[in-house]
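Below is one structure; the comments refer to it alone.
The values are calculated or read from the model by the stated rules, or taken from the named source; none is laboratory data. If you're wondering where the values come from, they're calculated on a predicted model, not measured in any experiment. Please note: Cβ atoms are built from the backbone with ideal geometry, for glycine as well, and neighbour counts cover all protein chains shown. Accessible surface areas use protein heavy atoms only, side chains included; no ligands, DNA or RNA. Shrake-Rupley method; radii C 1.70, N 1.55, O 1.52, S 1.80 Å.
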Amino acid sequence: MRVVVTGGAGFIGSHLCERLLAEGHSVVCVDNFATSGPQTVAHLNDHPRFRLDCRDVSEGLSVSGQVDTVFHLASPASPADYLRLPLETLRVGSAGTWNALDLAAAQGARFVLTSTSETYGDPTVHPQPESYWGNVNPVGPRSVYDEAKRFGEALTMAYRRERGVDAKVVRLFNTFGPRMRPEDGRAIPTFIRQALRGEPLTVTGDGSQTRSLCYVDDIVDGLMRMADSSHSGPVNLGNPHEVTMLELAQWIVKLTDSPSDIVSIPRPADDPTRRRPAVDLARELLDWNPLTPVEHGLRETIRDFRRRIDIDSPFGEPARRPLTVLNGTGRR
Ligand code: NAD
């Protein structure tokens, strides 16, 4: 099959492109490098079935020749990125999704939207099933991402109903793995980067807020299964293994054998307190389960970061001023 992956040079997109090529498909990766760079897919450039098309999908999306599937991943995803690019995020979630759906409609292709657990906002239901409509602040700073994704979901379902497009929605929960940008602001890359450099790990608030962490290979597997299924979704994809941010920081200090302390910095506005996916639907409809133990995924990610720190160092934003030491190792 010939597959278009928008946002294919990003963290998840690059792993998806690899998997598609490994399964024998041809891949057109469309990306404007808003939150990535060509280096993420540099190792694929010489592949005879891989093509990189550098363009902004919000401006339009035409791909010549047959297209069988469109995976639409293009969007800033880390809070630091979408707060830095608020209008671009709203635009790619709306106009970009529209253009990607138009391409699928014109080609008779399947379409998969990577939506997000952020559509649940700061949830009042725990764990979050797909039937929960969410608790999103529509005017807060995070709304540029949350509402763009909610609009994208509505648009995807409208194309399914009105234009007969085989269009589906998956809601991804926190995903991690090799090739994340060390400076992208998300908890795992930030903690690993800080731990490897012996800097304090900056946990927001008292670190009691939770996230559920899923290794990227499992998410890619879920995306492939969703494309092949006849279900429209939305379907949650994530690992129900829930940890507090303080536990995560302690875990990373241990795995990196770092001398770093763990300190507290202010929590951002509208930061969700708890996050855990209900994945019964993914199990039932897609026969999907997250198989990678979180610790194995963390070790793989740390190994990748060690390699890149050696090449790229120094990188990352300057450490923010710590407020309170939550957990001192006494080894600094
Ligand atoms: P990422 O930032 O690494 O990748 C996103 C890619 O989209 C980047 O390569 C970026 O350059 C590209 N992009 C952004 N705007 C574009 C535009 N206008 N035109 C073309 N390309 C554009 O993020 P990621 O973590 O790989 O996330 C991929 C998708 O999965 C996103 O849609 C995100 O919302 C969704 N998602 C990710 C997570 C997660 O934990 N990583 C969780 C929920 C949802």
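Just by accessible area at a 1.4 angstrom probe, what is the order of W288, W98, W251 from largest to smallest?
From most exposed to least exposed: W98, W251, W288.
Would you mind computing, in nm to one decimal, how far apart the modelled labels at D68 and T204 are, each placed 7 Å from Cα along Cα→Cβ?
Taking the two extended label points, one gets 4.1 nm.
Please state the charge dipole magnitude for the chain, taken about the Cα centre, from unit charges on C-beta atoms (+1 on K and R, -1 on D and E), reported in debye and rounded to the nearest 20.
In debye, rounded to 20, the chain gives about 400.
Which value in nm describes the separation of the simple spin-label points at R161 and L291, placed 7 Å from the Cα toward the beta carbon?
3.7 nm
With a cut-off of 17 Å, note down the residues of region 48-92 whose backbone N falls inside the zone around a label point 7 Å from the Cα of F151 toward its beta carbon.
57-61, 73-77, 82-92
Carbon and sulfur together cover what percent of the accessible area of the chain at a 1.4 Å probe radius?
50 percent
To one decimal place, what orientation-averaged projected area in nm² is obtained for the convex hull of the Cα set of region 60-205?
10.5 nm²
Give the Debye-formula value of log10 I(q)/I(0) at each listed q (0.17, 0.20 Å⁻¹), with one equal scatterer per alpha carbon of region 1-101, two decimals each.
Each listed q corresponds, in turn, to -0.69, -0.94.
For a quick check: with amide H placed at 1.01 Å from N, whose amide H comes under 5 Å from Y132's, ignoring anything fewer than 5 positions away on the same chain?
none
What does the accessible area per residue of the chain come to in Å², with a 1.4 Å probe and no ligands, DNA or RNA counted?
In whole numbers, the chain has 42 Å² accessible per residue.
Based on Cα positions only, what radius of gyration and what Dmax would you give for the chain, in angstroms?
19.2, 62
Got the relative contact order for region 99-238 handy, in percent, Cα pairs under 8 Å and 6 or more residues apart?
Relative contact order comes out at 30 percent.
As a test, work out the antiparallel percent of DSSP beta bridges whose residues both lie in the chain, rounded to the nearest 5.
15 percent
When the label point is put 7 Å from the Cα of R84 along its Cα-to-beta-carbon vector, which residues of region 172-202 have a backbone N closer than 13 Å?
181-186
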